Structure formats: structure tokens, C-alpha cells
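A short worksheet on the structure shown next.
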Amino acid sequence: MGRFVLEASYKHGVDTALLRTDDEIADFLTELANAGPDYQSATIYVVDETADEDPAHEVVVGVDQAAALGAVRYAGDDGEWFSKGDRVNPDGVRYLYYGTAHGFPADSEVPLDQVRHALIELLAREGKRPACLSWQPAAY
């Protein structure tokens, strides 16, 4: 086992999930997709279990089981980025995090399989932004 782990948090009363394998990541996304309308997104950090330092990044994933789509936000040393999908949602993209809506760009949704691959790569790259997604910078 490596020394890095994904720490994922998404719901009141549920312990922070520690994800070390591809299967654990897939199972977590399934759990998140079934968590109910107030818990559609999670914060995720890659943590070095052998060090006592805070991660230099934050990832937020949102999932929509009905549409089989999700979105990824990455914030780190190289700025804030959102996944870029092939279609624009005319209603906008929002995922609830602990009951509070977080907005994503209207073209940020990608298939859930791509979200899973992004988290697997995030862990493998020890917290660096995954290269398997197309990214767009945050527009503020």
C-alpha cells in the first residue's frame, strides 16, 4: 500500500472516507450517488499518511445519478479549475454539499466514469490535477 490516501467527506453523521484503491473509489462514488438530494457532492483531499502537513489542493466532485453525469472542481497551486464536458446544461449545474448548493460552469458535466478515473488519477499523482479530464479555468 502506498502512503497516500484520498480523504472524502460528504454527509453529516458519516465518517470521512479513506480511499486507497480503485474499487474503494468506485464504491464511494456509488455511495455518494445514492446519498440523497442534500448530499450530491464531496470534498476530497490527497493526504500523505506519513506526514503532518495540510494538502495544497482541494477537489470537489458532484454526481447526478439520474443523468449519469458528474463534475469536478480542482483548486491548487496552479489555480482553480473545473472539468469541461461536451454539452452545456441550459439550467446550469449545481450540486448540493451538506444541503448547500455549489455552482459549476454550465459545461462542466462529464460521464461518471470520467469522474471515477479523475479520482483514481488524483491519488496516483499524489494530489496533482488529473490529466484525464479536459479543464477550464474558473471564471470570476
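The values are calculated or read from the model by the stated rules, or taken from the named source; none is laboratory data. Because the structure is a prediction, the values reported are computed rather than measured. With ideal geometry, Cβ positions are generated from the backbone for all residues, glycine too; neighbour counts draw on all protein chains shown.
The table below gives the values:
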| item | result |
| --- | --- |
| Top-ranked residue of the range 17-48 - restricted to ones that are within 14 Å of the chain's Cα centre (by Cα) and in a loop (DSSP other than H, G, I, E, B), ranked as surrounded by the most Cβ atoms within 10 Å (Cβ to Cβ) | 40 |
| Residues of the range 86-107 satisfying the condition of being surrounded by fewer than 18 Cβ atoms within 10 Å (Cβ to Cβ) and either among the hydrophobic types (A, V, I, L, M, F, W, C) or under 22 Å from residue 5 (Cα atoms) (or both) | 88, 96, 101, 106 |
| Filter result for residue 99 (at pLDDT below 95 and within 13 Å of residue 40 (Cβ to Cβ)) | yes |
| Unique residue being in contact with an Asp or Glu (Cβ under 8 Å, 6 or more places away or on another chain) and of a type outside the set (A, V, I, L, M) when the list is 54, 48 | 48 |
| Cross-chain or 6+ apart pairs with Cβ under 6 Å, the range 21-35 first and in contact (Cβ under 8 Å) with a residue 40 or more places away in the chain, then among the polar types (S, T, N, Q) and surrounded by fewer than 17 Cβ atoms within 10 Å (Cβ to Cβ) | 33/65 |
| Every residue from the range 73-114 that is within 20 Å of residue 37 (Cα to Cα) and among the basic types (Lys, Arg) | 73, 94 |
| All positions within the range 58-85 that are modelled with pLDDT under 95, over 12 Å from residue 128 (Cα atoms) and surrounded by 15 or more Cβ atoms within 10 Å (Cβ to Cβ) | 64, 65 |
